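Scroll down for the structure; my scribbles are underneath it.
Just so it is clear, none of the values below were taken in a lab; they were calculated from the coordinates. No experiment lies behind these values; they were computed from the predicted model shown. Glycine gets a Cβ as well: all are built from the backbone with ideal geometry, and neighbour counts include every protein chain shown.
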């Protein structure tokens, strides 16, 4: 089963899957289960939303709130980098 999502959510769930692989136990879930669980958590917290894409498939994308938060983090990191004396 393919879970359609935008680049931001794809990166988040890939990191969660990598963390799940590192902490592997006997009840380790497959990749799609990890993706589904992370997407469900993001949806509950308001960081992801479902939509119907141009081909009529259900997909997920980051909410504007999450995009703004990530942009603020990026701008802060860039400002700190520029402020450092090299």
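Name the most mobile residue of 11, 55, 41, meaning the one with the largest mean-square fluctuation, in a Gaussian network model of the chain with Cα contacts below 10 Å.
Its mean-square fluctuation being the largest, the pick is 55.
I need 73, 22, 9 ordered by Cβ neighbour count within 10 Å, fewest first. Don't skip to the end; give the middle numbers.
On the way: 73 10, 22 7, 9 24.
Exposure proxy ranking, most exposed first: 22, 73, 9.
What's the angle, to the nearest 10 degrees (0 to 90), between helix 7-22's Cα axis and the longest principal axis of the chain?
Around 70 degrees separate the two axes.
With contacts defined as alpha carbon pairs under 8 Å and 6 or more residues apart, what's the relative contact order of the chain in percent?
Working: 64 pairs, mean separation 25.0, N = 86.
Reported as a whole number, the value is 29 percent.
Just to confirm the number: angle between the C-alpha axis of helix 31-45 and the first principal axis of the chain, 0 to 90 degrees, nearest 10?
Roughly 60 degrees, rounded to the nearest 10.
With axes computed from alpha carbons, what is the tilt in degrees of helix 64-83 against the longest principal axis of the chain, rounded to the nearest 10 within 0 to 90?
Value to nearest ten degrees: 30.
If r is the Cβ-Cβ distance from residue 45 to residue 84 and R0 is 41 Å, what FRET efficiency results, to the nearest 0.05?
About 0.80, to the nearest 0.05.
Let me know the Rg and Dmax you get for the chain when you use only its Cα atoms, in Å.
16.0, 52
Most mobile of 52, 38, 13 per a Gaussian network model of the chain (Cα springs, under 10 Å)?
Result for the chain, Cα springs under 10 Å: 52 fluctuates most.
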